[in-house]
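S.K.: First the structure, then my questions, so here it is.
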Amino acid sequence: MTKKFLKCIDEQAAHSAFTDLCLYKNQLFCCFRAATDHISPDGVIKILTLNTQGQVTSSTIVRMAKCDLRDPKLSVDNNGKLILLAYARFYHDGIHQGSQAYVWFSNDGKSFSAPKALAKPNHWLWRLSWFNHQAYGFAYHRRSQTLNLYAGNPLRTFEEITPEAMSLERHGLGYPNESAIAFSAEGCAYAIVRRDADTASAQLGKSHYPYKKWQWRDLRAYIGSPQMLIWDNTHAIIAGRIWQQQGPKTALIGINLITGKLTLKEILPSRGDCSYPGMLIHQEQLYVSYYSMHQYGKCAIYLYKAPVTHYR
C-alpha cells in the first residue's frame, strides 16, 4: 500500500492560491493563481506538470493584459484537449472595470490557445464538470444572488440552461457562489454550493437529466471552495475549507448523499489564508492540491496523496 505524502510543490510567488488538479496524459497538472496578494490586480495562472510522486517536471504561465486572472480550473474534454477555465477581472488605472469567465485549450498542457469568453459578463463560472460528452457548470452573480447552470461544449456552444437553479428570490437562499458538480454513473447530478449570507450554510443539490429542476438540502455547515468526488450512489467525499476554533482549515469530509450527513475525515496541515482544493483519484490513490500559510508564513501550494481506502 502506498504511504501518504504531503509536499510543497510551489512557493515562488508572494501569494500562490486557488488551486485545481487534473490528470492528463498520465501526468498530474496543478493550476493556481500567482500574484502579489489575495486581491491584487496582477494575478496570472501558473500550471505545473508533475509525476505521481509530486515531482514538478515543467511549468507554464497563462496571463492576460490589464487583468487579474483568478480561480483557475482544469478539465479534459471528450476530444482529449486540456481545458483551462479562469475568471478575468479587468482593471484600468487600478479601478475594476468588469469581469468575464474565459477558457483556453491545450493539446500538450504546455502551450494554450487564445482565450474564449464563457457565460455572461460578471457571472462567475466556477468549474466545469463533464458527463456524457457535455460540460456543466454553475455561474454565480453576486448582485442578484443567483446561481445559474450552463451546459454544452465550452469551445463551441455553451449556454445557460437553468437560470436561478438557486437564488435568494426563488429559494430564500442568500448569495450562493462557489460550487462543485459530480455525476453518478447513471447521470444523477449532485452539487455542493457555498453560501455567504443568512446562515452561510452549504447546500447539497440533486438533479436528473436535463438538470432543469434541483432539490436542495441544507447541510447546516459552512463549506468553502468545495470539490467533490462520488464513491457510489450513497457516498461521496468533499474537499474544502471549514472553520474551527483555531480558524480556517482545509478538510476532507465524507457526505451521505441521501441524508446529507457530514463526517469529518481529515484536517490537512493548513492555517490562515488557505484551501481551494483540487482533487482526483488515480490508481486507487487520492490526490489533493490546496494552498496554505502554515509552513512559510505566506500562501504556498501543496500536494497531498493517500490511498483511497482511508476515505471510503
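S.K.: For region 260-280, indicate whether the set of residues that are among the aromatic types (Phe, Trp, Tyr), over 24 Å from Ala14 (Cβ atoms) and under 20 Å from the mean Cα position of the chain (by Cα) is non-empty.
M.R.: no
S.K.: Look at Ser207 and say whether it is surrounded by 14 or more Cβ atoms within 10 Å (Cβ to Cβ), of a type in the set (Gly, Ala, Ser) and more than 26 Å from Asn132 (Cβ to Cβ).
M.R.: no
S.K.: Report, by residue number, each residue of region 164-204 that is exposed (fewer than 14 other Cβ atoms within 10 Å of the Cβ) and polar (S, T, N, Q).
M.R.: Across region 164-204, the qualifying residue is only Thr199.
S.K.: Please work out which one of (1) in a loop (DSSP other than H, G, I, E, B); (2) touching a Lys or Arg at 6+ places or on another chain (Cβ under 6 Å) is the condition Ala17 fails and give its number.
M.R.: Tallying (1) in a loop (DSSP other than H, G, I, E, B); (2) touching a Lys or Arg at 6+ places or on another chain (Cβ under 6 Å), Ala17 fails exactly one: (1).
S.K.: Yes or no: Leu28 under 24 Å from Glu266 (Cβ atoms), touching a His at 6+ places or on another chain (Cβ under 7 Å) and in contact (Cβ under 8 Å) with a residue 40 or more places away in the chain?
M.R.: no
S.K.: State yes or no: is Ile281 in contact with a helix residue (DSSP H, G or I) (Cβ under 8 Å, 6 or more places away or on another chain), surrounded by fewer than 16 Cβ atoms within 10 Å (Cβ to Cβ) and either at pLDDT below 95 or β-branched (Val, Ile, Thr) (or both)?
M.R.: Criteria met by Ile281.
S.K.: Out of all the residues in region 260-300, which are in contact (Cβ under 8 Å) with a residue 40 or more places away in the chain, farther than 21 Å from Ile223 by Cβ and of a type outside the set (D, E, K, R)?
M.R.: His282, Gln283, Gln285, Gln295, Tyr296, Ala300
S.K.: So which residues in region 232-287 are under 23 Å from Asp71 (Cβ atoms) and of a type in the set (D, E, K, R), if there are any at all?
M.R.: Residues satisfying the conditions are Arg241, Lys249, Arg271, Asp273.
S.K.: Okay, next question. Name the pairs: first residue in region 43-59 and over 19 Å from Asn107 (Cβ atoms), second residue in a loop (DSSP other than H, G, I, E, B) and not aliphatic (A, V, I, L, M), Cβ to Cβ under 6 Å, at least 6 apart or on different chains?
M.R.: Once the first residue is over 19 Å from Asn107 (Cβ atoms) and sits in region 43-59, its partners that are in a loop (DSSP other than H, G, I, E, B) and not aliphatic (A, V, I, L, M) give Val44/Arg63.
S.K.: Restricting attention to strands (runs of 3 or more DSSP E) lying wholly within region 109-163, give those where 3 or more residues are touching a residue at least 40 places away in the same chain (Cβ under 8 Å) and surrounded by 22 or more Cβ atoms within 10 Å (Cβ to Cβ).
M.R.: Ranges flagged: 134-141.
S.K.: Oh, and also: Is at least one residue of region 13-27 basic (Lys, Arg) and either at pLDDT below 95 or more than 11 Å from Tyr291 (Cβ to Cβ) (or both)?
M.R.: For region 13-27, residues basic (Lys, Arg) and either at pLDDT below 95 or more than 11 Å from Tyr291 (Cβ to Cβ) (or both): present.
S.K.: Quick check, is Gly98 surrounded by fewer than 21 Cβ atoms within 10 Å (Cβ to Cβ) and assigned to a loop (DSSP other than H, G, I, E, B)?
M.R.: Taking the combined requirement at face value, the residue does not satisfy it.
S.K.: Separate question: With respect to Leu229, is the statement that it is within 16 Å of Arg127 (Cβ to Cβ) and surrounded by fewer than 19 Cβ atoms within 10 Å (Cβ to Cβ) true?
M.R.: It is true that Leu229 is within 16 Å of Arg127 (Cβ to Cβ) and surrounded by fewer than 19 Cβ atoms within 10 Å (Cβ to Cβ).
S.K.: Give the number of residues within region 195-211 that are among the charged types (D, E, K, R) and within 18 Å of Gly137 (Cβ to Cβ).
M.R.: 2
S.K.: Continuing with the same structure: Right, Thr263: over 16 Å from Lys4 (Cα atoms) and among the β-branched types (Val, Ile, Thr) or not?
M.R.: Spelling it out, Thr263 is indeed over 16 Å from Lys4 (Cα atoms) and among the β-branched types (Val, Ile, Thr).
S.K.: Among the numbered criteria (1) in contact with a Pro (Cβ under 9 Å, 6 or more places away or on another chain); (2) within 26 Å of Pro210 (Cβ to Cβ), which one does Cys67 miss?
M.R.: If we test Cys67 against (1) in contact with a Pro (Cβ under 9 Å, 6 or more places away or on another chain); (2) within 26 Å of Pro210 (Cβ to Cβ), just (2) comes out false.
S.K.: Would you call Ala114 among the small types (Gly, Ala, Ser) and under 19 Å from the mean Cα position of the chain (by Cα)?
M.R.: No; evaluated as a whole, the condition is false for this residue.
S.K.: State the number of residues belonging to region 47-84 that are surrounded by fewer than 15 Cβ atoms within 10 Å (Cβ to Cβ), outside any loop (DSSP other than H, G, I, E, B) and aliphatic (A, V, I, L, M).
M.R.: The total comes to 1.
S.K.: Out of all the residues in region 126-158, which are closer than 12 Å to Ser75 by Cβ and of a type in the set (A, V, I, L, M)?
M.R.: Listed by number, the residues that qualify are Leu128, Ala135, Leu155.
The values are calculated or read from the model by the stated rules, or taken from the named source; none is laboratory data. It should be emphasised that the depicted structure is a prediction, and the values quoted were computed from it without experimental measurement. As a convention, Cβ positions derive from the backbone with ideal geometry for all residues, glycine included, and neighbour counts pool all protein chains shown.
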